[in-house]
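Notes follow once the structure below has been shown.
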Amino acid sequence: MFNASVRRSAIALPTLLLLLAAAGCSQMAAAPGSQQTAAVTLSPEQQQAIAMQTQQYQQRAAALDRDNQELQSMLAQSKQQVQLMDEQVKATQTQLRDTTNQLAAVQAEHEQMRSRTSAMAASIRTQKQAEIHSNNSLLRNLTITNLPEVHVRQDGDVIRVEIPTDQLFNPGTAQLKYGAEETLRSVGADLVRNYPKQMIGIEGHTDNASVATAEHLSIAQATTVYDALVRAAGLPATQLFVVGHGPNHPVVSNATEAGQARNRRIELVIYPETVTR
């Protein structure tokens, strides 16, 4: 309402001024002292000038109206963009908060795994005051060499039984696949039969794909194998300990997918030392 009143005033004021000017000219032409005011008359040229000027003011008013509408539209779009940006900022803050909480939970779980690993390693040396004796005669016939994808090799004075984690776990997790526990039961039974007193380390290894969580994953997978060997295969807990190496000890290059798959593994390391229970 205010803008419309301003535009009408802008149009009417010049017209009124022209009319007053014309009237003044006509009155000045009348005889001095005349009692009767002469009627205002405009020449065709004056009428045409007034009409043209009025049309120009109307065109200007229309242009201003269009500009005002465009500005209103731009203002509405700017408000929408600001609202969208606010929503994106809030969503980003929520994601950052969730990620921070998840990272804190992973770190806490990692620390728990470290504590659990340290406790299990310490229990081997302290529980029942076990005595450790050297025994370098480890070469025996292992039936687990006939299991698919299981590799057995001599490494100095230890024997390494290598099992691909892709065969045991769902990808990127420490959850055993269906049938994996049966594989571990067979491996554990062979270890009990051939190495009833040797210390056995359960080493978790990963590829280099997820370095940030690799050590945590390797410890979690090794711990799951530890639980399965104790529960399903009957290996004494005091004979086992867990180590998570992450991607730090690859057996082949990680440059190919096949190499990465080979490096994702659990190694059961049989030491020459024995534990007297």
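Readers should treat all values here as calculations from the given coordinates under stated rules, not as data from a laboratory. Just so it is clear, the model here is predicted, and its values are computed rather than measured. Cβ: placed from backbone, ideal geometry, glycine included. Neighbour counts: every protein chain shown.
The Stokes-Einstein estimate for region 130-276, based on a Kirkwood radius over Cα pairs and taken at 4 °C with 1.567 mPa s viscosity, is a diffusion coefficient of 84 µm²/s. FRET efficiency for the Ala76 to Glu257 pair, using the beta carbon distance and R₀ = 51 Å, is estimated at 0.45.
Available extension along the chain between Glu182 and Gln58 is 35.4 nm, counting 0.36 nm per residue and deducting the alpha carbon span. Here the relative contact order of region 130-276, from alpha carbon pairs under 8 Å that lie six or more residues apart, stands at 36 percent. What separates the Cα centres of region 214-277 and region 45-81 is a distance of 80 Å. A crude spin-label estimate for the pair Ala51 and Arg193, with each label 7 Å from Cα along the Cβ direction, gives 11.9 nm. Straight-line cross-link partners of Lys197 among the aspartates and glutamates, defined as a Cα under 17 Å from its Cα and at least 8 positions apart when in the same chain: Glu131, Asp157, Glu273.
With K and R counted +1 and D and E -1, the other residues having a Cβ less than 10 Å from that of Pro247 yield a net charge of -1.
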